[in-house]
1. Answer rounded, prolate or oblate for segment 59-102, using the Cα gyration tensor with square roots of eigenvalues a ≥ b ≥ c: rounded when a/c is under 1.5, else prolate when a/b is larger than b/c, else oblate.
2. On average, how much accessible surface per residue is there in segment 37-84, in Å², for a 1.4 Å probe, leaving out ligands, DNA and RNA?
3. Nearest 500 deg cm²/dmol is fine: what mean residue ellipticity at 222 nm does the chain get from its DSSP H runs of n ≥ 4 alone, each adding -39,500 (n - 2.57), divided by its residue count?
4. Give me the distance in nm between label points sitting 7 Å out from Cα along the Cα-to-Cβ direction at R113 and D93, one decimal.
5. Return the long-range amide H neighbours of V143 (sequence gap of 5 or more, or a different chain), with a cut-off of under 5 Å between placed amide H atoms.
6. Got a sec to turn the phi values of segment 193-208 into Karplus ³J(HN,Hα) couplings, 6.51 cos²θ - 1.76 cosθ + 1.60 with θ = phi - 60°, whole Hz, x for Gly and Pro?
7. Can you tell me how segment 17-115 classifies by the Cα gyration tensor, rounded, prolate or oblate, using a/c under 1.5 as the rounded cut?
8. Using the Cα centre of the chain as the reference point, and only Cβ charges (+1 on K/R, -1 on D/E), how large is the resulting charge dipole? Debye, rounded to the nearest 20.
Amino acid sequence: MLGALVGLTAEARLLRKVLPEAPIAVSGATLDGARRALATLRAAGATELLSFGCAAGLSPAMRPGAILVPERVCVHGRHYTANAALRRRFGADRAEVVTAGLLQSDVLVETAREKAALFAESGCVAVDMESGLVAESGLPFAVLRVVCDDAARDLPPVACDVLSAGKISVPRLVGGLLRQPGQIGALMALGREAAVARKSMASFLRGL
């Protein structure tokens, strides 16, 4: 049975359209949340895993909306190979898909400077906070991710704060903007990139 680990509830809703019966667990974009979500999937009887949702671009070539079905996931210097059959199931053979490596991060990668350093160090083209746990699980796995923020994007502090519950927290969003209104422009730009990512992934899923 396939189980899916996602970062946000909006990603879970998107995936539910193509996996109506599969258990889907939400991490809330935190490492502890990802661990709990993985335990939930195991308890539900998952025998193979999909890591699904958004990723941050590390390579300058990875623009918002780029679809990634990586051959490998790099976790603290170790490389884990994704299951070939699952990768094909989730579109790895499609021409537009990027298959280069994905990096696991235990913390949210917030700045373009951090992204550049991780790209130079790892050679991976994108990063997320869930795929490493899936890769280390010992179960057959695949990753299907879409780039939201690219390598040049600094995340505004309010964006990092509002996502910790797995969905947009309106009180945290309003409070953060009231404290630092200068973030509004960066937040709007990030929102446009997120919309591109959602549209790209929705179109990709319809083709599976």
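The values are calculated or read from the model by the stated rules, or taken from the named source; none is laboratory data. Remember, predicted model here, so these are calculated numbers, not experimental data. A quick note on method: Cβ atoms are made from the backbone with ideal geometry, for glycine too, and the neighbour counts reach across all protein chains shown. Note: areas computed on protein heavy atoms with side chains; ligands, DNA, RNA excluded. Shrake-Rupley method; radii C 1.70, N 1.55, O 1.52, S 1.80 Å.
1. On the way: a/c = 2.99, a/b = 1.08, b/c = 2.76.
Oblate, because a/c is 1.5 or more while a/b does not exceed b/c.
2. Accessible area per residue: 41 Å².
3. Calculated mean residue ellipticity at 222 nm is -12000 deg cm²/dmol.
4. Once both label points are built, they end up 4.6 nm from each other.
5. S51
6. With coefficients 6.51, -1.76 and 1.60, one gets 5, 5, 5, 4, 5, 4, 5, 5, 5, 4, 5, 5, 5, 5, x, 6 Hz.
7. On the way: a/c = 1.69, a/b = 1.18, b/c = 1.44.
Because a/c hits 1.5 or more and a/b fails to exceed b/c, segment 17-115 counts as oblate.
8. 560 debye
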